[in-house]
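See structure below.
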């Protein structure tokens with residue numbers, strides 16, 4: 001059982017690591033992913049081998065910036081975070097073939113944690129939702145001038161700091177949830193009951209635009 005104090009320290013360490021990775025890897029999905037994995041390593045929790053980490057990194061690069069830096073898809077920070085949360089849920093091919101409902105364990109772990117947190121904080125999970133909520137505008141990352149303006153305002157607002165950066169915050173939230181999942185793994189029976197009785201489901205206050 002991981003204590004609350006260790007969890008708090010890990011969350012802060014993860015934010016600090018992720019903030020550095022943001023300026024190393026320059027992509028929200030791979031930076032949040034790396035920050036989460038290495039943040040957990042800082043307290044002795046190694047959830048994947050270096051080989052698996054490298055393979056996963058390759059798959060996450062193209063998910064940054066709302067999918068291919070387009071801004072239209074999910075925020076890369078939540079993509080990286082949800083990936084790791086799903087990974088630690090442990091629903092592999094054999095487990096899903098045994099009972100397809102096992103997927104609900106990973107569904108719930110991702111949706112009711114980092115998914116709900118993004119809905120609460122930003123009103124949505126898309127890159128554009130997050131940008132509008134935090135900045136009051138959206139920047140076209142395919143436009144060099146807009147990209148330069150974003151970088152300038154990002155520095156001026158201090159948004160690269162560990163406690164300000166969306167990517168670092170998302171990584172910290174994910175680590176918090178992952179430790180909770182490791183301490184109290186969700187069972188299929190629990191997931192089924194919550195689904196059938198409508199006890200838990202992600203809720204949003206925003207309209208789908």
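The values are calculated or read from the model by the stated rules, or taken from the named source; none is laboratory data. Computed from a predicted model, the values in this text were never measured in an experiment. As a convention, Cβ positions derive from the backbone with ideal geometry for all residues, glycine included, and neighbour counts pool all protein chains shown.
Can you tell me which residue within region 22-34, out of those that are crowded, with 23+ Cβ neighbours inside 10 Å and part of a helix (DSSP H, G or I), is farthest from the chain's Cα centre (by Cα)?
22
Taking the conditions exactly as written (over 17 Å from residue 76 (Cα atoms) and modelled with pLDDT of 80 or more), does residue 167 satisfy them or not? Step through it out loud before you land on a result.
Details: over 17 Å from residue 76 (Cα atoms): no; modelled with pLDDT of 80 or more: yes.
No, not satisfied.
Among the residues of region 38-65, count how many are in a helix (DSSP H, G or I) and either under 16 Å from residue 28 (Cβ atoms) or without any contact (Cβ under 8 Å) to a residue 60 or more places away in the chain (or both).
Of the residues in region 38-65, 15 are in a helix (DSSP H, G or I) and either under 16 Å from residue 28 (Cβ atoms) or without any contact (Cβ under 8 Å) to a residue 60 or more places away in the chain (or both).
When you scan region 90-199 for helices (runs of 4 or more DSSP H) that lie fully inside it, which ones turn up with 1 or more residues that are under 30 Å from residue 10 (Cα atoms) and within 16 Å of the chain's Cα centre (by Cα)?
103-110, 116-122, 127-135, 166-183
Kindly indicate the residue of region 69-89 that is in contact with a strand residue (DSSP E or B) (Cβ under 9 Å, 6 or more places away or on another chain) and in a loop (DSSP other than H, G, I, E, B) and also nearest to residue 143 (Cα to Cα) among those meeting that condition.
It comes out as 71.
In region 88-112, what residues are buried (at least 20 other Cβ atoms within 10 Å of the Cβ) and farther than 13 Å from residue 191 by Cβ?
Within region 88-112, just 88 meets the criteria.
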